[in-house]
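Okay, so here's the structure we're looking at.
No lab work stands behind these numbers, since they all come straight from the coordinates. Just so it is clear, the structure is predicted and the values come from calculations on it, not from any experiment. Neighbour counts run over all protein chains shown; Cβ positions are idealised from the backbone, glycine included.
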Amino acid sequence: MKVKVISRILEANDRIAEDNRRLFNEKGIYVINLMSGPGAGKTSLLVKTIEALKDSVSIGVIEGDITGTEDAERIHSTGVPVVQINTGGACHLDANMIEEVLPELPLDSIQLLFIENVGNLVCPAEFNVGEDIKVMLLSVTEGEDKPLKYPLMFQESAALVLNKVDLLPYLDLDMERLKERAMSLNPKLKVFELSCKTGSGLDAWTDYLFRMVAEKNR
Ligand code: MG
Ligand code: ZN
């Protein structure tokens, strides 16, 4: 009985996700569902990405948090349109929450929409919200065991961003092992190594985004 109920919830979610996707496709908006554990640097990555791309790509952001507006305020200060979802306890965003806030965004003038999911390595990967791709952000301080413990995140993502590489000299992390483990779960995974603090490696990430947005509107 339990299994049946859960599969119905996911089916209902997928129907709404398809509606969202249709709307995004109509408007030519490339959509990224950005997932990570708490504190990996999702909002910092978005701020740096916006700074690098905002003269060439028009960006919008949906911020998901259980409570609070701090992240949305950081995004707002960059000048791009942003809307905050407070899930009130729910540990992930679902398609319905996204559908509800879309009227708050100037969709006709957005080319790249980031959906910053709630910080959580488990269930955000289970819910489609209508995105083009899921991207997983992992801080190198989180260790090389994460692919073993949270495989779905790596399997569902098109890209893996490894943040805080400026800290590598102070860590015992085996970077090659981490990447091998991630790639064995998802051989197509694109991996970016960068530091939001120093800016190293950001170019490869923003070039990738620029190409994906251009491809969607070709
Ligand atoms: Mg955040
Ligand atoms: Zn959840």
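What the table below lists for this structure:
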quantity: Over the stretch 2-216: Rg over Rh, Cα atoms, Kirkwood Rh; calculated: 0.95
quantity: Sequence-distant residues sharing a close amide H with residue 197 (under 5 Å, placed H); calculated: 164
quantity: Positive-end extreme of charge dipole, the stretch 40-181 - chosen from 173, 127, 72 (charges on Cβ); calculated: 173
quantity: Selected from 113, 212, 49, residue furthest toward positive end of dipole (the chain; charges at beta carbon); calculated: 212
quantity: Neighbourhood charge, 14 Å Cβ-Cβ cut-off, centred on residue 140 and excluding it, Lys, Arg +1 and Asp, Glu -1; calculated: -2
quantity: Charged-residue dipole, Cβ positions (Lys, Arg, Asp, Glu), the stretch 2-216 about Cα centre, Debye nearest 20; calculated: 440
quantity: Per-residue HN-Hα couplings for the stretch 54-63 [Karplus 6.51, -1.76, 1.60; θ = phi - 60°; Hz; x = Gly/Pro]; calculated: 5, 7, 10, 9, 8, 10, x, 9, 10, 9
quantity: Cα centroid separation, the stretch 92-140 to the stretch 151-218 (Å); calculated: 18
quantity: Contact order relative to length of the chain, as percent, for alpha carbon pairs under 8 angstrom and 6 or more apart; calculated: 25
quantity: GNM flexibility winner over the chain from 177, 21, 74 (Cα, springs under 10 Å); calculated: 177
quantity: For the chain, built as a Gaussian network whose Cα springs stay under 10 Å, the top-fluctuating residue of 131, 26, 70; calculated: 26
quantity: Selected from 44, 77, 200 as most flexible by GNM, with the chain as the system and alpha-carbon contacts under 10 Å; calculated: 77
quantity: Dipole moment magnitude, nearest 20 debye, the stretch 35-105 about Cα centre, only Lys, Arg, Asp, Glu C-beta charged; calculated: 280
